[in-house]
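Let me begin by presenting the structure, written as structure tokens, before commenting on it.
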Amino acid sequence: MIAFDRTDQSIFGRWWWTVDRWMLAALAVLVGYGIILIMAASPAVAERIGLDTYHFVEHHLAMLVPSLLLMIAISLLTPRGVRRVALGVFLVALALTAATMVIGVEIKGARRWIHLPGLSIQPSEFLKPAFAVVAAWMFSLQRTSPGFPGNLAAILLYILVVGLLIKQPDLGMACVVSVVWFCQFFLAGLNIGFVVIFIGLGCVGLVGAYHLLPHVHSRIDRFLDPASGDTYQVTRSMEAFANGGLLGTGPGQGTVKMQLPDAHADFIFAVSGEELGLLWTLLLVALFGFIVLRGFSRLLKDSNLFVLLAAAGLLVQFGMQAFINMSSSLHLLPAKGMTLPFVSYGGSSLIALGFGMGMVLALTRRRFGLGDRQ
Amino acid sequence: MAFNGGTMNRDTDRYRTLTRRVLVLGSIKLGLLSTLVARLYYLQVVESARYTMLADENRISLRLVAPSRGLIVDRLGVALAVNQQNYRVVLVQERVRDIEGTLTLLTQIVPLSDTDRRRILREMQRKRRFVPVTVKENLSWDQVAQIETNTPDLPGVSIEVGEIRNYPYGEATAHILGYVGAVAVSEVQGDPVLSLPGFRIGKTGIEKYWEKELRGVAGTSQLEVNAVGRVIRELSRDEGQPGHEVTLTLDLALQQFTQKRLADEQSACAVVMDVHTGGIYTMASNPSYDPNRFSTGINAEVWEELLSNPNAPLTNKTTGSLYSPGSTLKTVVALAALESGVIGAHHTVVCPGYMDLGDHRFHCWKRGGHGTVDMSDALRQSCDTYFYDLARRMSIDRIAEMCHRFGLGETLGLDLPGERSGLVPSRLWKQATYGVPWQQGETLVAAIGQGYVLTTPLQLAVMCARLVNGGYAVKPHLVKQIRQGVAEQTVWPEIGVDKANLDMVVQGMNLVVNHPHGTAYKARITEPGFEMGGKTGTSQVRRISMAERSTGVIKNEDLPWRERDHALFIGFAPVDAPRYAVAAVVEHGGGGSAVAAPIVRDILEECQRRNPARSSPNAEAGASPGAGSGSPGEVGRPKST
């Protein structure tokens, strides 16, 4: 690797010796794993829909470069810098998400996307990590600046964000944002009584969504009773895992990608299960687990509440997204369109991930007495 | 200090809570990951075996391999229905650069009509690019050779070999063997092999009746296919079981002889059967058709022509056409009278040429009458008046009952489709059909084989066989053997008639041919030991009016062909130990003695020369004609005169 002298006081030198290099390595492996899977899965999908064979591979690589650069750049920031950037991104993303109501492009019944020349972005992807940081800031302010109604501010912001997401509608993201926000509140020392109340509210919200929103209703029905509707994707996906077995069919040798339209995106985990087999797929699961738990363990040593809450929120978000994606492929959760971080093909979500994990790396850097207590 | 200490405590407390809660979150995360791992383990290790099997089904495609159709051979093993190699030229789209050009090139070797071209292009659009499309079937050897030598100029064109049914003796065996054709939608049931493209099944004849035996069991070919269904390689192949060979009782040479002999007549048929076994040696019907044209798919014009031909080439007349038996029925009527005891053996009748019943006069065929006749004379000269007299003494039901015992009026269970039952009228039948009672006059007409009575030539042959075989209820069949366990029945129950009575009738039939005044004396067989017996029949097709009768009945040759009488003859040989029974009908042939009897004579002569009953490997030696007194045919041994 690049060698930096211990005494190198350049910005990169300091970064290299303070950043969590284990997490960095895990992320690098994850990205490499993703490239292999995209190369295995996407040509079949691209050919089927009439695109150039390596269309998705090229686009994935093209998006990875800015994503990784962004991640490194963000990770150079101090916690304060992170907070500032997050606040800025939060405001812009919030405005854009609100704007999707008006100028958004409707895809599959939801307005989540904004088409810009040469690029289409989903602003809520950026809203999600930025909000986690802003909420952490609010919760920590409650503690550090007596008199400032941080918790109230966090609650109000939460209602605003989740309201926008439900309006789109993007229930999956609303769930993720809710869980992350709740975890942060929980870590911030939420009274155990409120914890119970919030969990109760969450359940009510889910039941409500099931009864009020037809597409949620049908998805959950199909999950609980596969005979009730079309479960083609999940069935194919499970067959792929079984077909892969312990050692897999070998990269490129699988068949599930011939049948699943989302083999390169939402169902890439199934391609991994089929082509790389149980052992390598377990490694993938372990990688996600490692990144999240490694982050947590670093945080335990940190005394800065904001840093702790923000990083924990971002890690929970990262872990949840991975968990939901993998569980959908394994038929443990109802099918939910969510990408597998850094592995799935998915244009702008890669940039958002780079942004989010960049903040995690920045927040988990070792700081020597520079604790920027507020 | 206190404040500071408090802050310290609060900080420590908060730190503890925080730590605890981080650990809680971490544990939840670990728990969730464990679920994933458990699920992965379940799917990829536990379920893997089951899914491997399911996935194989996606990869392996089972295709049926059409079984080879069983051969049909005659009693000596001569193949009558075989499978020929059918060369067809096929084209694989993806390997052809210019389809129109290739087809034009091919046209120079194999003529392709515009309809063919349209069909080929249509099939190409429907099928995947790697599936071969048949351009033309049934190529000649020359065409195959030309295409093979030109393969460099015809990329994507290749020759495939299939099987096609062929009948080497064509028209001679058409009515017995039938033919095969494409499976109709209504016939696709049960056996999946029926839905194979190009599969053919029996449409009529032996091919249809014994379809299940001839078809065989489809084989399977396990093919490895890729996701879009392209065949990668064949994993295993099971050829299935070819259909069983069906051995007929038929004697091909005699069949051909008979068919040729009948060819002189516009419309005629003849059947030869073994009087003891019931095996049919010959079953010929003229005109015939070429069944090979059906194998390749018959064109509409030929089919129309066959259907509209008034001489019904598609019909097997021996089982599918009904004729009034005419005087041939007198044999059974005589037996009915003897059996019922209404007359004695020496009963005589004076024939003045007619008989009056009520106010109706029933004429004998001989205007002047036969004078005083006994049964022997009556059969020999076919005296109608004698049988009018018998009919007057009996009810129609008694005649009908005897007819049924001799196989008339019912199907005989022949192993060939299309057998008709004919009609033997009775009181009950008349009442049920016309709603009016039976008239005695109708009994008189029935007694000479006219009126309502209708029989197939096969029934007449069976009747003859049962008369001369000593009174056994032999039934006709065409199949000698299919496989171990499925062989012909050769032992038959007794009908239960007095042998002396039977003897009298058979003696009468002997005299018909061998007495100088017999109606068929001219057609007798003179070769010693080959002599035949028989009975002539001439069945009227039109009604002779009173006026015509008063001016003289118009001679047959002066009538239009359609109105001429049918000529019938039933015969058997050798006369002293009957083995073969024949029935022949020449439609509108005129008199039975002049037209039908010579045909039967020729057939019986040829038949005895060939002696199929003995030449058959399985025939019981003792039952062979001419083998002596051991023959079961103890009856019917009148001294030939």
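The stretch between B:E94 and B:V217, if pulled fully straight at 0.36 nm per residue, gains 40.9 nm over its current Cα-Cα span.
The trypsin sites (Lys or Arg not before Pro) found in the range B:213-299 that occupy coil by DSSP, while having at most 15 further C-beta atoms within 10 Å, are B:R230. Across the cross-link table entries A:K301/B:K29; A:K167/A:K336; B:K430/B:K480; B:K208/B:K430, which are compared at the Cα atoms, the separations over 29 Å belong to B:K430/B:K480; B:K208/B:K430.
Relative contact order, percent, of chain B when contacts are C-alpha pairs under 8 Å separated by at least 6 residues?
Normalised by residue count, the contact order of chain B is 13 percent.
Peptide packing for B:36-49, B:379-392 was compared via the average number of neighbouring C-beta atoms within 10 Å per residue; ordered from the highest value, the list is B:379-392, B:36-49. The mean count of C-beta atoms from other chains within 10 Å of the C-beta of residues in A:329-341, rounded to a whole number, is 1.
Take every pair of alpha-carbon atoms less than 8 Å apart whose residues are at least six positions apart; their mean separation over the length of the range B:547-597 yields a relative contact order of 36 percent. Model label points for A:I166 and B:N311, set 7 angstrom from Cα along the Cα-to-Cβ axis, are 9.4 nm apart.
For chain A, the relative contact order works out to 28 percent when only alpha carbon pairs closer than 8 Å and six or more residues apart are counted.
Highest mean packing first, where packing is the average number of other Cβ atoms within 10 Å per residue, the peptides B:337-344, B:419-426, B:579-586 line up as B:579-586, B:419-426, B:337-344. Peptide A:183-189 has a mean shielding of 4, counted as Cβ atoms of other protein chains within 10 Å of each residue's Cβ.
Counts of other chain beta carbons within 10 angstrom of each beta carbon in peptide A:283-292 average 3. Here B:H360 sits with roughly 90 square angstrom of accessible surface, probe radius 1.4 Å. Applying a threshold of 28 Å to the alpha-carbon distances of B:K317/B:K535; B:K522/B:K555; B:K260/B:K366 flags B:K260/B:K366 as lying beyond it. Annotation note: trypsin sites (Lys or Arg not before Pro) in the range A:266-321 located in DSSP loop regions with a Cβ neighbour count of at most 14 within 10 Å are A:K301. Measure nothing but the geometry: give the 0 to 90° angle between the long axis through the Cα atoms of B:2-41 and the longest principal axis through the Cα atoms of chain B, rounded to 10°. The helix B:2-41 is inclined about 20 degrees to chain B. Separation of the range B:363-415 and the range A:232-258, taken as the distance between their Cα centroids, equals 86 angstrom.
Straight Cα distances below 18 angstrom link B:K499 to the lysines B:K330, B:K639, with same-chain residues fewer than 8 positions distant left out.
In the assembled protein chains, A:R365 presents an accessible area of approximately 40 Å² (probe radius 1.4 Å).
Taking the average, over residues, of other Cβ atoms within 10 Å as the packing measure, peptides B:500-507, B:116-123, A:318-325 rank A:318-325, B:500-507, B:116-123 from highest down.
When both the range B:471-512 and the range B:428-460 are represented by their alpha-carbon centers, they are found 25 Å apart. When B:V185, A:V161, A:V29 are compared by accessible area of protein heavy atoms, the largest-first order is B:V185, A:V29, A:V161, using a 1.4 Å probe.
The values are calculated or read from the model by the stated rules, or taken from the named source; none is laboratory data. Source: prediction; values computed, not measured. When we count neighbours, we look across all protein chains shown, and the Cβ atoms used for this are built from the backbone with ideal geometry, even at glycine. All accessible areas refer to the heavy atoms of the entire protein, side chains included, with ligands and DNA or RNA removed. Shrake-Rupley method; radii C 1.70, N 1.55, O 1.52, S 1.80 Å.
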